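A.B. asks: Structure below; questions to follow.
The values are calculated or read from the model by the stated rules, or taken from the named source; none is laboratory data. These figures come from a predicted structure and were not determined experimentally. Note that each Cβ is placed from the backbone with ideal geometry, even for glycine, and that neighbours are counted across all protein chains shown. Quick note on the areas: whole protein, heavy atoms, side chains included, nothing else; ligands and nucleic acids left out. Shrake-Rupley method; radii C 1.70, N 1.55, O 1.52, S 1.80 Å.
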Amino acid sequence: GKFYALPQAPQQFKQLLMVGGVPKYFQIAPCFRDEDPRADRSPGEFYQLDLEIAFADNDETVFRELEPLFIELTEKFADKKCAQKPFPRIPYLEAMEKYGSDRPDLRFGMELVELTEELKNTGFSVFGNAIKNGGCVKAICCQGGAKLSRSQIDELTEMVKKEGAGGLAYIVLDTAGMKSPILKFLSQDEISTIVSKTHAQTGDIIFFGADTKEIVNKVLGKLRHHLGNAFSLNDPNVVAWAWITDFPMYELNKEGKLDFMHNPFSMPQGGLEALEKQDPLTIKAFQYDIIANGLELSSGAIRNYNPEIMYKAFELVGYSKEVVDEKFGAMIRAFEYGAPPHGGFAPGI
């Protein structure tokens, strides 16, 4: 007749079980999120499958355990089709470059196409200045998009401006030829290259992003997602699962200081040597997400179970050994007795 609630995820407790000799652990438990409900999160209470696996020294150990479950839930329980089996493994940086998002909807293509090298000498100042300032030019081709009205294009322009874009350049390919305010600024060779690289056909529309890589990826990623919905490219009977892997260990926060990008207890790829010798912003973590149809459903990681590596990982973002001992002493002490490599995950069910 009693219950208890943890004020945080049970990750550290699961990890202690791995140290204590429990080879595998899972729980199905109700959870309560102490945060504002968001469109892609369960408001209030939800049920979670939380697990940890000993002797998991890489992502694939976890993927092999979970993927059959997700496939069975999709095909037998939900009676839907998996877009691809086994699930694609997409490194974080590749996802951002190709789709402008670390949780892309893979039920349709419309990948971002890099045009920076091809347009580096262009006479169109919007593209040229972005490249000269260290930025990039990318494009996406929306099949059938030539039927968008001018007012619809204006709405899309306002949408991308809210994401930080200065505007939204485009080229329409309809039966009467090409239409665009920017055509007069581009050479015939440049136009031919753009059409060729984007595989655009009559009836399509090409949209462009020109700015810093971060803004271009974000803007075109948002636009891609919007167009997928608008043109019903996302088949509701298909679930496009994918693993997003190799997340950066660190990033710069709003103050420009080094910070953990996600879970500070993830094992850095390359271990202690990477922390000591690499530029922190180039270090990847054994960290992964499972995504489906444009939603991130769970994050997981192979854990950092080595005290020396943990001290160094926290030192890089400004935490002393004393602070780490004070905040995470139980974990450190347990790991000093020897711990197997282990990893975990907690998707909502």
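A.B. asks: So which pairs qualify, if the first residue must be in region 109-127 and in contact (Cβ under 8 Å) with a residue 24 or more places away in the chain and under 11 Å from Lys138 (Cβ atoms), the second must be open to solvent by less than 30 Å² (accessible area, probe 1.4 Å) and in a loop (DSSP other than H, G, I, E, B), the Cβ gap must be under 6 Å, and the two must be at least 6 apart or on different chains?
C.D. replies: Leu112/Gly100; Phe127/Leu119
A.B. asks: How many residues does region 252-296 hold that are under 14 Å from the mean Cα position of the chain (by Cα), closer than 22 Å to Lys222 by Cβ and not aliphatic (A, V, I, L, M)?
C.D. replies: Count: 5.
A.B. asks: Also, quick follow-up: Consider Val195 carefully, then state whether it is surrounded by 15 or more Cβ atoms within 10 Å (Cβ to Cβ) and in contact (Cβ under 8 Å) with a residue 40 or more places away in the chain. Break it down stepwise before answering.
C.D. replies: Details: surrounded by 15 or more Cβ atoms within 10 Å (Cβ to Cβ): yes; in contact (Cβ under 8 Å) with a residue 40 or more places away in the chain: no.
Judged against the criteria, Val195 is not a match.
A.B. asks: Of the numbered conditions (1) open to solvent by less than 10 Å² (accessible area, probe 1.4 Å); (2) not in a strand (DSSP E or B), Ile206 satisfies every one except a single condition; which is it?
C.D. replies: So the condition that Ile206 fails would be (2).
A.B. asks: Somewhere in region 224-235, is a residue more than 25 Å from Lys81 (Cα to Cα) and in a helix (DSSP H, G or I)?
C.D. replies: Within region 224-235, not a single residue is more than 25 Å from Lys81 (Cα to Cα) and in a helix (DSSP H, G or I).
Yes or no, residue by residue, for (1) closer than 21 Å to Asn293 by Cβ; (2) crowded, with 16+ Cβ neighbours inside 10 Å; (3) at pLDDT 90 or above; (4) out of contact with any Gly (no Cβ under 9 Å at 6 or more places or on another chain):
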position	(1), (2), (3), (4)
Gly1	no, no, no, yes
Lys14	no, yes, yes, no
Leu17	no, yes, yes, yes
Tyr25	no, yes, yes, no
Ile28	no, no, yes, yes
Pro37	yes, no, no, no
Asp40	yes, no, no, no
Phe55	no, no, yes, yes
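A.B. asks: Would you mind stating whether Ala242 is out of contact with any Cys (no Cβ under 7 Å at 6 or more places or on another chain), open to solvent by 20 Å² or more (accessible area, probe 1.4 Å), aliphatic (A, V, I, L, M) and part of a strand (DSSP E or B)?
C.D. replies: no
A.B. asks: For region 94-150, enumerate the residues that are in a helix (DSSP H, G or I) and either modelled with pLDDT under 95 or closer than 24 Å to Gln188 by Cβ (or both).
C.D. replies: Answer for region 94-150, where residues must be in a helix (DSSP H, G or I) and either modelled with pLDDT under 95 or closer than 24 Å to Gln188 by Cβ (or both): Ser125, Val126, Phe127, Gly128, Asn129, Ala130, Ile131, Lys132, Gly145, Ala146, Lys147, Arg150.
A.B. asks: To continue, here is another question. Would you check if there is a residue in region 87-101 being open to solvent by 50 Å² or more (accessible area, probe 1.4 Å) and among the polar types (S, T, N, Q)?
C.D. replies: In the first step, residues of region 87-101 are kept if they are open to solvent by 50 Å² or more (accessible area, probe 1.4 Å); the result is 89, 93-94, 97-98.
Still in the running and among the polar types (S, T, N, Q): none.
No, region 87-101 has no match at all.
A.B. asks: Do you know which of the residues in region 119-144 that are among the small types (Gly, Ala, Ser) and touching a Gly at 6+ places or on another chain (Cβ under 8 Å) is farthest from Gly100 (Cα to Cα)? Lay out the reasoning, then the answer.
C.D. replies: Within region 119-144, the first condition is being among the small types (Gly, Ala, Ser), and the residues that meet it are 123, 125, 128, 130, 134-135, 139, 144.
Subset that is touching a Gly at 6+ places or on another chain (Cβ under 8 Å): 139, 144.
Working: Ala139: 11, Gly144: 21 Å.
Going through the qualifying residues, I end up with Gly144.
A.B. asks: Need at least 3 residues that are buried (at least 18 other Cβ atoms within 10 Å of the Cβ) and in contact (Cβ under 8 Å) with a residue 24 or more places away in the chain per element, so show me which helices (runs of 4 or more DSSP H) inside region 250-349 make the cut, counting only ones lying wholly within it.
C.D. replies: Per the criteria, 307-315, 321-336.
A.B. asks: Given (1) within 26 Å of Phe70 (Cα to Cα); (2) modelled with pLDDT of 95 or more; (3) not small (Gly, Ala, Ser), identify the lone condition not met by Leu297.
C.D. replies: The single condition Leu297 does not satisfy is (2).
A.B. asks: Select from region 124-143 the residues that are over 16 Å from Ser180 (Cα atoms) and of a type in the set (Gly, Ala, Ser) and write down the one among them that is surrounded by the most Cβ atoms within 10 Å (Cβ to Cβ).
C.D. replies: Selected residue: Ala130.
A.B. asks: Still on this structure, please answer the following. For region 1-34, name all the residues that are farther than 23 Å from Ile332 by Cα and either touching a helix residue (DSSP H, G or I) at 6+ places or on another chain (Cβ under 6 Å) or part of a loop (DSSP other than H, G, I, E, B) (or both).
C.D. replies: Residues satisfying the conditions are Gly1, Lys2, Phe3, Tyr4, Ala5, Arg33, Asp34.
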